[in-house]
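Chemist: Supplied in structure tokens, the structure appears directly below.
The values are calculated or read from the model by the stated rules, or taken from the named source; none is laboratory data. Computed from a predicted structure; not experimentally measured. Using ideal geometry, Cβ is built from the backbone for each residue, glycine included, and neighbour counts are taken over all protein chains shown. Only protein heavy atoms, including side chains, enter the accessible area calculation; ligands, DNA and RNA are left aside. Shrake-Rupley method; radii C 1.70, N 1.55, O 1.52, S 1.80 Å.
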Amino acid sequence: DAGVIQSPRHEVTEMGQEVTLRCKPISGHNSLFWYRQTMMRGLELLIYFNNNVPIDDSGMPEDRFSAKMPNASFSTLKIQPSEPRDSAVYFCASSSWLQPQHFGDGTRLSIL
Amino acid sequence: QKEVEQNSGPLSVPEGAIASLNCTYSDRGSQSFFWYRQYSGKSPELIMFIYSNGDKEDGRFTAQLNKASQYVSLLIRDSQPSDSATYLCAVKSGGGADGLTFGKGTHLIIQP
């Protein structure tokens, strides 16, 4: 079975540019989660969706961050404008009801 | 503020011995508890989950939960060099599809 698929795997861009990260959850999973991992802060929840509806975005650091889930098989996390402190590994995870979350391979983002 | 605390390590254990990893959490309403393993540069991989007080065994791994003490542990028997990784403790408040609160992880080194 295909796992959670994230793209791109690596992104290097200059400060001020728009960054879009993409995620395809495991088929049949109805919950999708975006996390960010840094050395200083560890793994932090940014936002999650149930049945394509955003439930909790309290972890989104600033208005520069936005996330959408237009359908059950696709989600995006957008940063506009990007800043060097946004550099991190961004993980997408999915789960079905009452089941543990499974993570994608992550996107390593570097903002110069 | 929900918090999950882990000793960052490194925890060094001889091959074949038992590795004991510990975690405490602040939210008494937490319902579900997870252990993820993360190799350097890779994504978190689910090892164990536990919902009820007591022990849960799966192969060489045993998860232990004590809700009264707000304490979760992971025991790895017959430790192998391939077990060397960072182990992340994660907690979920609700029984449904909520986001996880992660500890910063314990770096485990199994010495051949």
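Chemist: Of the residues A:Met40, A:Met69, A:Met60, which exhibits the maximal mean-square fluctuation in a Gaussian network model of chain A defined by a 10 Å Cα contact cut-off?
Modeler: Comparing A:Met40, A:Met69, A:Met60 in a Gaussian network model of chain A, the most mobile one is A:Met40.
Chemist: Within a 10 angstrom radius of each residue's Cβ in B:98-107, how many Cβ atoms of other chains show up on average? Whole number is fine.
Modeler: That average works out to 6.
Chemist: Next question, about the same structure. Loop only per DSSP, at most 16 neighbouring Cβ atoms within 10 Å: give me the chymotrypsin sites (Phe, Trp or Tyr not before Pro) in the range A:1-100, ordered by residue number.
Modeler: Passing sites in the range A:1-100 are A:Trp97.
Chemist: Take B:Lys42 and A:Arg22, extend 7 Å from each Cα along the Cα→Cβ direction, and tell me the distance between the two endpoints in nm.
Modeler: Rounded to a tenth, the inter-label distance reads 2.6 nm.
Chemist: Kindly provide the Kirkwood hydrodynamic radius of chain A in Å, to one decimal, from all pairs of distinct alpha carbon atoms.
Modeler: The answer is 13.9 Å.
Chemist: When the label point is put 7 Å from the Cα of B:Ile18 along its Cα-to-beta-carbon vector, which residues of the range B:54-95 have a backbone N closer than 17 Å?
Modeler: B:54-66, B:72-80
Chemist: Gaussian network model of chain A, Cα springs within a sub-10 Å range: biggest mean-square fluctuation belongs to which of A:Glu44, A:Glu62, A:Glu83?
Modeler: It is A:Glu62.
Chemist: Continuing with the same structure: What average count of beta carbons from other chains do you get within 10 Å of the Cβ of residues in A:85-95?
Modeler: 1
Chemist: Mind scanning A:Lys24/B:Lys2; B:Lys42/B:Lys92; A:Lys24/A:Lys78; A:Lys78/B:Lys42; B:Lys56/B:Lys92; A:Lys24/B:Lys67 and naming the pairs with a C-alpha gap bigger than 26 Å?
Modeler: A:Lys24/B:Lys2; A:Lys24/B:Lys67
Chemist: Give me the accessible area per residue for chain B, probe 1.4 Å, as a whole number in Å².
Modeler: On a per-residue basis, 46 Å².
Chemist: Give me a single rounded figure for A:35-43: the average over its residues of other chain Cβ atoms within 10 Å of their Cβ.
Modeler: 4
Chemist: With solvent modelled as a 1.4 Å probe, how much accessible area in total do chains A and B shield from it at their shared surface, in Å² to the nearest 100?
Modeler: Buried area between the two chains comes out at roughly 1500 Å².
Chemist: Quick check for me: using +1 on Lys/Arg Cβ and -1 on Asp/Glu Cβ, what's the dipole size of chain B about its Cα centre, in debye to the nearest 20?
Modeler: That gives a dipole near 180 debye.
Chemist: Can you compute the charge dipole magnitude of the protein assembly as shown about its Cα centre, using +1 on each Lys and Arg Cβ and -1 on each Asp and Glu Cβ, nothing else charged? Give it in debye, rounded to the nearest 20.
Modeler: 100 debye
Chemist: Taking the DSSP beta bridges in the protein assembly as shown as the whole, what percent of them are antiparallel, to the nearest 5?
Modeler: For the protein assembly as shown, the DSSP antiparallel bridge percentage is about 90.
Chemist: Taking chain A as a Gaussian network, Cα atoms linked when under 10 Å apart, which of A:Leu98, A:Leu46, A:Leu77 shows the biggest mean-square fluctuation?
Modeler: Maximum fluctuation in the GNM of chain A, among the listed residues, is at A:Leu98.
Chemist: Along its principal axes, what span do the Cα atoms of chain B show, with the longest given first and each in whole Å?
Modeler: Reported extents, whole Å, longest axis first: 41, 29, 21.
Chemist: Further question on the same structure: Can you pull the percent of the protein assembly as shown's accessible area that's carbon plus sulfur, 1.4 Å probe, other chains left in place?
Modeler: Carbon and sulfur: 48 percent of the exposed surface of the protein assembly as shown.
Chemist: Same structure, new question: Determine the per residue accessible area of chain A with all protein chains present and a 1.4 angstrom probe, expressed in square angstrom.
Modeler: Result: 51 Å² per residue.
Chemist: Distance between Cα centroids, the range A:47-95 to the range B:58-112: provide it in whole Å.
Modeler: 26 Å
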